[in-house]
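Structure record follows, encoded as structure tokens.
The values are calculated or read from the model by the stated rules, or taken from the named source; none is laboratory data. None of these values were measured; they are calculated from a predicted model. Here Cβ is always computed from backbone atoms with ideal geometry, including for glycine, and neighbour counts include all displayed protein chains.
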Amino acid sequence: MELITKAPKGTVDLVPGASEKWQLVEGVFKNEAELNGFSEIRTPVFEHTELFLRGVGDTTDVVEKQMYTFEDKGGRSITLRPEGTAGAVRAMLENGLYNNGYPVKLYYLTSCYRYEKPQAGRLRELHQFGVEMFGAAEPVADAQVIALALSAFRRLGLNDVGLQLNSIGCPECRKEYHRALKEYFSARKDQLCETCLSRLERNPMRILDCKSPVCQELAKGAPKITEYLCEDCRNHFARVQECLSDLGIAFEIDPGLVRGLDYYTRTVFEFPSKSLGFALGGGGRYDGLVEEMGGKPTPGLGFGLGLDRILMALEAQNTEFPPQNRCEVYFASMGEKAQRLAFRLADKLHGCGVPADCDLCARGLKAQMKYANKIGARYTMVLGENELEAGKAELKNMETGEKRKLSLGESFVDEYIAACTAQEDLSF
């Protein structure tokens, strides 16, 4: 019985009081994305496993250790999405979104699933805001997606979020870099963890992203990718920095930043939170991913931000959120006829966009008024036999105690609006 009354490990409930904060944060990011010309996309919570094997990369921790993969009743291998980019690429290709011209700009609010040890800022069901842009190869596109995220952070008041930047080059200039890494780590392979030993042959860059303290220490002395960039990649990276500087965006170059997924090329970035000590998200370019997944060669870039971590950061700095939407009018009723009238009046106010409520639990008047206080009702109106007989009832301002009689007939809504707008502060 205990199992069915507890959420699975690594998941959380977003209950009233918390969900309103999430809505505010999500609204800021959605608005910022739309200001920059991005449109929302929603993809399935599960995809064919092959999508992530090809898109994310079979040498990543996500694929090797963290995916929720199962066989469905048709014998197909299915995986709960561990990240948002691969599904967005698949949807872009399947639905021909490129037919409307480039760049294709998409954003999403989504849940992702990774089997890993739950800890602060790391859940098994995580929530992301992400953007993806297809068809734009220019460095200014890199700057736009970075600026979009930073602008939203500033609007939320997260002023301690920084920007770490690097270029991991293209497949051509990475060949020489891979050789240098392989040579460096081969001389120290007796110190590598078991996972990194397998990566040494397949993809030595993954060792730079290992979470093992020993491997992390070894990585500090490894060759830096910035020393191996070809001329085109160096120029691209320089122009990205110029575009960011044009916008007054400060950044730190981190030659060890490689990101955790195999599809990245050239620009990669993260947004570290100084107060929390870890990144709130990151992203970069993936100019070969669309082709890898069956499309025509198409440049791409984007980012994913952890909403769970962003809410943690806001809580850590004691952010004051606006008051929650409260009930504007609560109708307390005595008797069946009064309850039916209360229900009708509340419905009329709903039609005008006014939050209103009435008793649904057959409580006594005292209990109803206590409930009205609990939900923060701004006004109350008591309906009983006398009010029904007179066709009028008193609307009480719960803050000031002032009262005004309103008709319960056809003119009720008009009289209510007039009463509430009589003064600029919407009180009597």
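Points worth noting:
- Between Gly130, Gly157, Gly121, the distinction of being of a type in the set (Gly, Ala, Ser), modelled with pLDDT under 95 and in contact with a Phe, Trp or Tyr (Cβ under 7 Å, 6 or more places away or on another chain) belongs to Gly121 only.
- Number of the condition not met by Pro297 [criteria: (1) under 30 Å from Gly101 (Cβ atoms); (2) of a type outside the set (Lys, Arg); (3) touching a Lys or Arg at 6+ places or on another chain (Cβ under 7 Å)]: (3)
- Segment 1-15, residues that are free of Cβ contacts under 8 Å to residues at least 24 places away in the same chain and either part of a helix (DSSP H, G or I) or not hydrophobic (A, V, I, L, M, F, W, C) (or both): Glu2, Leu3, Ile4, Thr5, Lys6, Asp13
- Residue match in segment 91-103 (condition: in contact (Cβ under 8 Å) with a residue 24 or more places away in the chain and among the acidic types (Asp, Glu)): no
- Hits in segment 301-316 - residues which are within 11 Å of the chain's Cα centre (by Cα) and of a type in the set (A, V, I, L, M): Leu305, Leu307, Ile310, Leu311
- Of the strands (runs of 3 or more DSSP E) lying entirely inside segment 256-359, the ones with 3 or more residues being farther than 30 Å from Gly376 by Cβ are found at 265-273, 278-285, 300-306.
- Test: residue in segment 288-300 that is surrounded by fewer than 20 Cβ atoms within 10 Å (Cβ to Cβ), at negative phi, among the polar types (S, T, N, Q) and in contact with a strand residue (DSSP E or B) (Cβ under 9 Å, 6 or more places away or on another chain): no
- When Gly169 is tested against (1) part of a helix (DSSP H, G or I); (2) in contact with a helix residue (DSSP H, G or I) (Cβ under 6 Å, 6 or more places away or on another chain); (3) not acidic (Asp, Glu), just one condition goes unmet, and that condition is (1).
- Qualifying positions in segment 379-410 - charged (D, E, K, R) and either part of a strand (DSSP E or B) or crowded, with 20+ Cβ neighbours inside 10 Å (or both): Lys392, Glu394, Lys396, Lys403, Arg404, Lys405
- Restricted to segment 64-84, and to residues there that are touching a Gly at 6+ places or on another chain (Cβ under 7 Å) and in contact (Cβ under 8 Å) with a residue 40 or more places away in the chain, the residue that is surrounded by the most Cβ atoms within 10 Å (Cβ to Cβ) is Gly84.
- Filter result for the condition that a residue is touching a residue at least 12 places away in the same chain (Cβ under 8 Å), hydrophobic (A, V, I, L, M, F, W, C) and not assigned by TED's automatic domain parsing to the domain that holds Arg155, over Ala367, Ala372, Ala390: Ala372
- Residue check, Tyr184 buried (at least 20 other Cβ atoms within 10 Å of the Cβ) and either assigned to a helix (DSSP H, G or I) or over 35 Å from the mean Cα position of the chain (by Cα) (or both): no
- Options Leu200, Leu192, Leu126, Leu165: the member that is among the aliphatic types (A, V, I, L, M) and out of contact with any Lys or Arg (no Cβ under 9 Å at 6 or more places or on another chain): Leu165
- Residues (modelled with pLDDT of 60 or more and hydroxyl-bearing (Ser, Thr, Tyr)) located in segment 408-428: Ser411, Tyr416, Thr421
- Meeting the requirement of 2 or more residues that are touching an Asp or Glu at 6+ places or on another chain (Cβ under 7 Å) and of a type outside the set (Asp, Glu), the strands (runs of 3 or more DSSP E) wholly within segment 41-121 are 77-80, 104-113.
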